[in-house]
Protein chains: 4
Amino acid sequence: MIACANAHTPLSEEQMMSRPSFDDLPARLAAFAVERDWEQFHSPKNLAMAIAAEAGELLENFQWLSDTESRELPEPKRDEAALEMADVLLYLVLLARHLGVDLVAAAHRKIDLNAAKYPVDRARGHSRKYTDL
Amino acid sequence: MIACANAHTPLSEEQMMSRPSFDDLPARLAAFAVERDWEQFHSPKNLAMAIAAEAGELLENFQWLSDTESRELPEPKRDEAALEMADVLLYLVLLARHLGVDLVAAAHRKIDLNAAKYPVDRARGHSRKYTDL
Amino acid sequence: MIACANAHTPLSEEQMMSRPSFDDLPARLAAFAVERDWEQFHSPKNLAMAIAAEAGELLENFQWLSDTESRELPEPKRDEAALEMADVLLYLVLLARHLGVDLVAAAHRKIDLNAAKYPVDRARGHSRKYTDL
Amino acid sequence: MIACANAHTPLSEEQMMSRPSFDDLPARLAAFAVERDWEQFHSPKNLAMAIAAEAGELLENFQWLSDTESRELPEPKRDEAALEMADVLLYLVLLARHLGVDLVAAAHRKIDLNAAKYPVDRARGHSRKYTDL
C-alpha cells in the first residue's frame, strides 16, 4: 500500500530506515529499462514527452472539480492521483539520469532563484508574475 | 551551482552528507509559500495545472531537436532543462504535501505495478502498450 | 486587430465574406514553413510536442485564477489567451495537414461519438466519466 | 467516416457544400453542453485544463515513435490520432466561445506576428528562437 506521511502521522524511525528512498529510484528504473531493452526509447526527447503526457493524465483527475472539491479529495481519488504523480516523478528521474542532472540540487537551486525573483515584501498575498511585482 | 551526479563523477561522502536532500524540499516549499501568503493559490487543482504548464515548458527545450541531438545536449541547454525539470518537481512535491501523498512510496509502488503489467519476457525490446503485449 | 464574434456583436455579411477562414489556414501555414525551410522540423512527433507545449502556455494564463476570475477575464488578459489559443490551433492544423487528417470532419465525428457515450438522460448535471454513468 | 482531404484527393464541390464546417462547431457544442447541463463545468479555467489534458493524450500516440515512424503512421494509428486531435479542437472551440474570442481571426493574426518575428532571410533553415536569430 502507499504509506502516507502527513502532518498528523509521520513515519516512525523504523519505517524511515527501511523505506525505499528517493535516491533508490534511479537504480531501480535503470534496471527495469535494461531488463526490457527499453533504453533505446529513452531519449531525453521522448522522456520529456512522457512527462508531459503523464502531467496531462494528472490534470484529468481535477479538470471538472471545483477548487474546494480538489482540496477535499476522497481517498480513492487521492490514491489515483498519487499513482499519476508517481508516473510524472518516474519519468523525471529517468530523464535526470540520462541528462546527468542532479534533480534535487536543481530543485533547491530553483527555490533560491525564486526567492530572489519574488522577494516577500513585494510578492506577498498575490499571484502576479515577477515581471509585474 | 548545480552539483551534477552522473555515472563518471559521483558526489563524495562529504558532499552527500551536506547536500540538501529530497526530504528537505517539502519544508522549504511550505515556508516559502507561507511567507508570501501563497497557500491560498495552492489548491490541488491549481498545482496540477502548474505541473502541466511546467511540463509544457520542458517540452519546448526538445521539440525541434532530433532524438540524437537530445541525447547530446550541450551544457548550457542541459542546465536550462535542469531548471525546468526542477519546476516540475517542486510543484509535484507541493501537490503531494497538500494531498497527504508519500510521493516516493507511490513511485516505488508504481514500479512494482509496471513490472507486473510489463513482464520482461513479453515486453522486451518493443514499446507496445500492456494491452497489446 | 482580432475581430471578436460574440453573442452581442456578430460579424456583418461583408465582414464574413472578406474575413480569412479556417480553410485558408493550411495553405498559409504551408507557405510560411516552406519559405523558411522549416518542414524538416515538422514531423508529426514534433508537432504533437508543440501542441502540448502551447497548451501548457495557455494553462499559465489561468493557473492561479479562481473559476470565477477565469469567467471574468479583463480584455488584455483575454487577448493574451486568444494568441495562446491561436498557437495551439496553428500547430493542430499543421499536424492535420501532415497526417492527411480532416480536422473538422474528425471534430464533428467526435461529437457524434460523445453523444453516444454520454446519453442526455444518464449524463445530465454531473461530470462523471462515461464508465461511471 | 472521417473524410480525409489531403494533397492528392481534395473534396469534390458536392462534398464541400454538404460537409459540416468549422463554423458549425460552436453551435453543436453549445447545444451538446446545454442538453446535459454541463455549462457549469465549462469555466475557461477548466476548459484550458481539458485542452492540456487532451494534448497530453495526443502526445501518447507519438512518445515512443521515431521521427520517421511518426511520418509513416499506419492508418489505424492515424485515425486514433485524428480523434485525439478532435478532442483538442473541440475544447479550444468551446473555450473561444466562452471567452468571446474569434479563434480563426486570432490564428491568422498570429501568423502575421510570426512572420514579423521570423523574417525569412534570418530564420531560414534553422529552428532557433526569435531571440537568437
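For the list (1) within 20 Å of C:GLU57 (Cα to Cα); (2) at pLDDT below 95, I need the number of the one condition that D:ALA96 fails.
(2)
Considering only the range A:20-68, state which residues are buried (at least 21 other Cβ atoms within 10 Å of the Cβ) and of a type in the set (Val, Ile, Thr).
Residue satisfying the conditions is A:ILE51 alone.
B:GLY125 is checked against (1) of a type in the set (Gly, Ala, Ser); (2) touching a helix residue (DSSP H, G or I) at 6+ places or on another chain (Cβ under 8 Å); (3) surrounded by fewer than 20 Cβ atoms within 10 Å (Cβ to Cβ) and fails just one. What number does that condition carry?
Evaluating B:GLY125 over (1) of a type in the set (Gly, Ala, Ser); (2) touching a helix residue (DSSP H, G or I) at 6+ places or on another chain (Cβ under 8 Å); (3) surrounded by fewer than 20 Cβ atoms within 10 Å (Cβ to Cβ) leaves (2) as the failure.
Could you grab me the full set of residues in the range B:73-84 that are away from chain C (no Cβ under 14 Å) and buried (at least 20 other Cβ atoms within 10 Å of the Cβ)?
Hits for the range B:73-84 are B:LEU73, B:ALA82.
Examine the range D:64-79 for a residue that is within 16 Å of the chain's Cα centre (by Cα) and among the aliphatic types (A, V, I, L, M), and state whether such a residue exists. Please lay out each step first, then the result.
Taking the range D:64-79 as the starting set, the residues that turn out to be within 16 Å of the chain's Cα centre (by Cα) are D:78-79.
Now restrict to residues that are among the aliphatic types (A, V, I, L, M): none.
Checked against the condition, which is being within 16 Å of the chain's Cα centre (by Cα) and among the aliphatic types (A, V, I, L, M), the range D:64-79 yields no hits at all.
Might you let me know whether the range A:54-67 holds any residue that is under 15 Å from D:TRP64 (Cα atoms) and in a helix (DSSP H, G or I)? Break it down stepwise before answering.
First, the residues of the range A:54-67 that are under 15 Å from D:TRP64 (Cα atoms): A:54.
Imposing the further condition that a residue be in a helix (DSSP H, G or I) reduces the set to A:54.
For the range A:54-67, residues under 15 Å from D:TRP64 (Cα atoms) and in a helix (DSSP H, G or I): present.
Collect the residues in the range D:32-46 that are outside any helix (DSSP H, G or I) and of a type in the set (S, T, N, Q), keeping them in residue-number order.
Keep residues of the range D:32-46 that are outside any helix (DSSP H, G or I), which gives D:36-38, D:42-43.
Across the range D:32-46, the qualifying residue is only D:SER43.
Can you tell which of C:ALA82, C:ALA30 is touching a residue at least 12 places away in the same chain (Cβ under 8 Å) and more than 25 Å from B:GLU57 (Cα to Cα)?
Every option except C:ALA30 fails the conditions.
Out of the residues in the range A:96-116 that are of a type in the set (Val, Ile, Thr) and free of Cβ contacts under 8 Å to residues at least 24 places away in the same chain, which is surrounded by the most Cβ atoms within 10 Å (Cβ to Cβ)?
So, considering only residues that are of a type in the set (Val, Ile, Thr) and free of Cβ contacts under 8 Å to residues at least 24 places away in the same chain, the one surrounded by the most Cβ atoms within 10 Å (Cβ to Cβ) is A:VAL101.
Given (1) at the interface with another protein chain (Cβ under 7 Å from one of its Cβ atoms); (2) more than 19 Å from B:MET49 (Cβ to Cβ), identify the lone condition not met by A:ASP112.
Here A:ASP112 clears every test but (1).
Going by the conditions given, is D:VAL93 away from chain A (no Cβ under 14 Å), of a type outside the set (Gly, Ala, Ser), out of contact with any Phe, Trp or Tyr (no Cβ under 6 Å at 6 or more places or on another chain) and under 24 Å from C:SER70 (Cβ atoms)? First the steps, then the outcome.
Values: away from chain A (no Cβ under 14 Å): yes; of a type outside the set (Gly, Ala, Ser): yes; out of contact with any Phe, Trp or Tyr (no Cβ under 6 Å at 6 or more places or on another chain): yes; under 24 Å from C:SER70 (Cβ atoms): yes.
So D:VAL93 passes the test.
Return the only residue of C:SER70, C:SER21, C:SER43 being closer than 24 Å to A:SER66 by Cβ, of a type outside the set (Asp, Glu) and within 7 Å of another protein chain (Cβ to nearest Cβ).
On the way: C:SER21 fails: closer than 24 Å to A:SER66 by Cβ; C:SER43 fails: closer than 24 Å to A:SER66 by Cβ.
Going through C:SER70, C:SER21, C:SER43 in turn, just one is closer than 24 Å to A:SER66 by Cβ, of a type outside the set (Asp, Glu) and within 7 Å of another protein chain (Cβ to nearest Cβ): C:SER70.
The values are calculated or read from the model by the stated rules, or taken from the named source; none is laboratory data. No experiment lies behind these values; they were computed from the predicted model shown. Methodologically, a virtual Cβ is constructed for each residue, glycine included, from the backbone with ideal geometry; neighbour enumeration extends over all protein chains shown.
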